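The values are calculated or read from the model by the stated rules, or taken from the named source; none is laboratory data. All values reported here derive from a predicted model rather than from experimental measurement. Quick reminder, even Gly has a Cβ in these numbers, built from the backbone with ideal geometry, and neighbours come from all protein chains shown. The accessibility values were calculated without ligands, DNA or RNA, using every heavy atom of the protein model including side chains. Shrake-Rupley method; radii C 1.70, N 1.55, O 1.52, S 1.80 Å.
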Amino acid sequence: MKFKELIFSGVQPTGNLHLGNYLGAIKRFVELQDRFDCIYCVVDLHAITVWQEPSELPHAIREVTAAFLACGIDPRKNTVFNQSQVAEHAELAWIFNCVARLGWLNRMTQFKEKAGKDRENASIGLYAYPTLMAADILVYRATHVPVGEDQKQHLELSRDIAQKFNNDFSQSIRDKGFGDAFFPLPEPLITGEATRVMSLRDGSKKMSKSDASDFSRINLTDDADAIAQKIRRAKTDPEPLPSDEKGLASRPEADNLVGIYAALADTDRAGVLKQFGNAQFSTFKAALTDLAVAKLGPIGAEMKRLLHDPAAIDAVLADGAERARKLAGQTMNAVKDVVGFVR
Ligand code: TYM
């Protein structure tokens with residue numbers, strides 16, 4: 001069965017939105033909106049899988065929304081909302097909890113990383129996180145999901161869940177007239193030069209919101225001085241830049257900075273090295289700073305402007321949620337019929 005092409009993706013409101021979130025995800029959300037129907041979600045139900053201060057969560061939700069808008073996502077053309085306003089996400093996640101297998105979730109590396117040594121004390125939500133993620137996507141029967149490299153395993157699990165649901169309920173799906181597959185198998189879109197932006201302090205570690213050092217990441221709200229300082233202090237090696245991509249192979253910090261430059265400039269690593277091959281890092285870092293300030297400065301400024309009017313942001317979310325609820329409600333009703341619930 002052919003499913004209508006539809007994009008879904010989400011970002012957690014857990015503070016410190018950074019360059020990795022921008023280049024790996026949000027920038028690409030913007031590019032996709034011209035070609036597809038897109039649903040972009042602030043995934044607050046995911047955020048509370050680890051403790052969130054209730055007095056700070058509303059700001060974090062509005063901040064991600066402001067980032068979406070400031071980066072250029074048009075909320076009239078796309079559906080932009082926060083997850084907790086559409087109850088069907090949690091409802092479908094429960095059904096998926098009964099489809100997914102413990103063994104599948106036990107393999108999830110993100111849970112292992114986030115739960116750390118004190119696994120007994122992690123929330124059940126953190127463990128079940130990937131089934132909610134599958135529900136986010138499949139409650140709209142979305143077909144494509146733009147994400148960074150770190151979400152690949154979760155996307156594979158979403159496909160497994162969709163496939164198992166289709167198999168387990170195949171008779172009922174046919175009986176109810178939904179053809180031979182109820183859910184599409186969503187495809188990850190992991191493309192471009194910055195699918196895994198690394199820490200500025202350690203080229204072997206992902207740039208992340210939770211890194212203790214603020215110098216490890218460039219935040220979307222950093223001003224020009226902060227951006228310049230962080231790039232100046234970014235870890236490098238003593239060699240000049242190589243003249244071709246092969247020369248980046250065992251140089252993670254150089255590879256990361258060249259990748260960042262390429263993604264910000266909408267080119268590729270080879271193009272950057274054509275320009276900066278054999279240059280010293282001091283020269284390259286100065287150019288990277290100028291580029292980063294030129295690209296990120298206006299985004300940070302627009303976010304600040306938007307955040308002065310929380311009511312306007314809330315109105316965008318309410319409007320998006322209303323539209324999302326309609327679509328999600330249709331899927332949920334059909335799922336109830338397929339599973340055999342009385343409604
Ligand atoms: P989150 O909030 O951690 O990150 C949001 C997006 O940013 C990408 N990303 C990165 N890309 C490149 N380099 C990095 N260093 C980097 N760090 C983060 C992430 O891959 C992601 O695309 N589980 C998701 C949110 C989610 C979701 C979904 C995504 C919930 N439901 C359904 C897609 C579909 C997450 O924690 O993203």
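General observations
- Checklist (1) open to solvent by 10 Å² or more (accessible area, probe 1.4 Å); (2) under 24 Å from the mean Cα position of the chain (by Cα) applied to Ala262, failing item: (1)
- Count of the stretch 299-343 residues which are of a type outside the set (A, V, I, L, M) and open to solvent by less than 40 Å² (accessible area, probe 1.4 Å): 4
- Residue in the stretch 155-196 that is least open to solvent (accessible area, probe 1.4 Å), counting only those that are within 14 Å of the ligand (Cβ to nearest atom) and hydroxyl-bearing (Ser, Thr, Tyr): Ser158
- Selected residue (criterion: farthest from the ligand (Cβ to nearest atom)) from residues of the stretch 60-77 that are closer than 19 Å to Asp34 by Cβ and out of contact with any helix residue (DSSP H, G or I) (no Cβ under 8 Å at 6 or more places or on another chain): Arg76
- Taken together, Ser199, Ser210 contain a single residue that is open to solvent by less than 10 Å² (accessible area, probe 1.4 Å) and either under 17 Å from the mean Cα position of the chain (by Cα) or within 14 Å of the ligand (Cβ to nearest atom) (or both), which is Ser199.
- Checking Leu296 against (1) surrounded by fewer than 20 Cβ atoms within 10 Å (Cβ to Cβ); (2) under 13 Å from Ala67 (Cα atoms), the condition it does not meet: (1)
Residues are listed down the side, and each one gets a yes or a no for (1) closer than 15 Å to Ile231 by Cβ; (2) in contact with a Cys (Cβ under 6 Å, 6 or more places away or on another chain); (3) not charged (D, E, K, R):
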| position | (1), (2), (3) |
| --- | --- |
| Asn256 | yes, no, yes |
| Val272 | yes, no, yes |
| Ile313 | no, no, yes |
| Asp319 | no, no, no |
| Gly329 | no, no, yes |
| Val335 | no, no, yes |
| Arg343 | no, no, no |
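- Taking each residue of the stretch 191-212 that is free of Cβ contacts under 8 Å to residues at least 12 places away in the same chain and looking for partners that are among the aliphatic types (A, V, I, L, M) and near the ligand (Cβ under 10 Å from one of its atoms) with beta-carbon atoms closer than 9 Å, six or more apart or interchain, yields Lys205/Met198.
- Scanning the stretch 1-49 for residues that are more than 8 Å from the ligand (Cβ to nearest atom), touching a Lys or Arg at 6+ places or on another chain (Cβ under 7 Å) and open to solvent by 30 Å² or more (accessible area, probe 1.4 Å) yields Phe3, Asn16.
- Being within 19 Å of Gly320 (Cβ to Cβ) and acidic (Asp, Glu) is a property that holds for Glu91.
- Hits in the stretch 115-154 - residues which are assigned to a helix (DSSP H, G or I), more than 10 Å from the ligand (Cβ to nearest atom) and of a type in the set (Gly, Ala, Ser): Ala115, Gly125, Ala128
- If you go through the stretch 222-246 and keep only what is of a type outside the set (Lys, Arg) and in a helix (DSSP H, G or I), you end up with Ala224, Asp225, Ala226, Ile227, Ala228, Gln229, Ile231, Glu245.
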